[in-house]
Amino acid sequence: DTAVSQTPKYLVTQMGNDKSIKCEQNLGHDTMYWYKQDSKKFLKIMFSYNNKELIINETVPNRFSPKSPDKAHLNLHINSLELGDSAVYFCASSQAGVAGYTFGSGTRLTVV
Amino acid sequence: QKEVEQNSGPLSVPEGAIASLNCTYSDRGSQSFFWYRQYSGKSPELIMFIYSNGDKEDGRFTAQLNKASQYVSLLIRDSQPSDSATYLCAVSGSGNTPLVFGKGTRLSVIA
């Protein structure tokens, strides 16, 4: 049973489109994250949600909007996609008192 | 700006040797330190964590932390070709501070 699942795994879309990536965790963790990994493998935090509240919003464009309907889900909606948005987006979750994060398998977004 | 620095590599070691991976961090208030392994096309997986100065061993892996020098390292003994991957160092402060990752060191173990 997958702990942190993301869909879709691959996403190819044209510039200017709007797309969403979904993430679900069945670990009972209280915090979820979105990270962006660029072509040079650099993992950078985008958002962090704790019990459905946004607690960190790093300086990402406001075209990116996270949505958390409940503490097991954290979705990422992207408006007006640009070429520079092409990357692998990872969802992760963590629980206070438990070391480290559990990552989803990633969504490879390609904007053409 | 909290930063985590790693040598990007590639670091090439022969099979059976010790691989030594290094990481420095800028935030003196950092409290938790992690090593993740990422195979090409896969997600990062946690292999070690350390909170206190000194060494922590788990099987073939040893994490070393020196907070005075703001330095973390990972030693892999008896390196195997299956250890070939990118190793990411990650650092966190207190509370809900999210992990800040280094850019990773690519390790290649030559059979």
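The values are calculated or read from the model by the stated rules, or taken from the named source; none is laboratory data. Keep in mind that what you see is a predicted model, and the values were worked out from it rather than measured. Ideal geometry is used to build each Cβ from the backbone, glycine not excepted, and the neighbour counts take in all protein chains shown.
Here are a few things to note about the model shown:
- Of all residues in the range B:57-71, those that are without any contact (Cβ under 8 Å) to a residue 40 or more places away in the chain have Cβ atoms under 7 Å from Cβ atoms of residues that are loosely packed, with under 12 Cβ neighbours inside 10 Å and not β-branched (V, I, T), 6 or more apart or on another chain, in B:L65/B:S52; B:L65/B:N53; B:L65/B:G54; B:N66/B:N53; B:K67/B:N53.
- Residues that are within 11 Å of chain B (Cβ to nearest Cβ) and part of a loop (DSSP other than H, G, I, E, B) were ranked within the range A:85-102; the one that is surrounded by the fewest Cβ atoms within 10 Å (Cβ to Cβ) is A:A96.
- Qualifying residues in the range A:64-84 (those that are at pLDDT 95 or above and assigned to a loop (DSSP other than H, G, I, E, B)) - the one surrounded by the most Cβ atoms within 10 Å (Cβ to Cβ): A:L81
- Segments classed as strands (runs of 3 or more DSSP E), wholly inside the range B:26-111, with at least 1 members that are modelled with pLDDT of 95 or more, more than 14 Å from chain A (Cβ to nearest Cβ) and surrounded by 13 or more Cβ atoms within 10 Å (Cβ to Cβ): B:61-66, B:71-76, B:105-110
- Which listed residue, of A:S48, A:S105, A:S39, is assigned to a loop (DSSP other than H, G, I, E, B), under 13 Å from the mean Cα position of the chain (by Cα) and either hydroxyl-bearing (S, T, Y) or closer than 28 Å to B:Y51 by Cα (or both): A:S105
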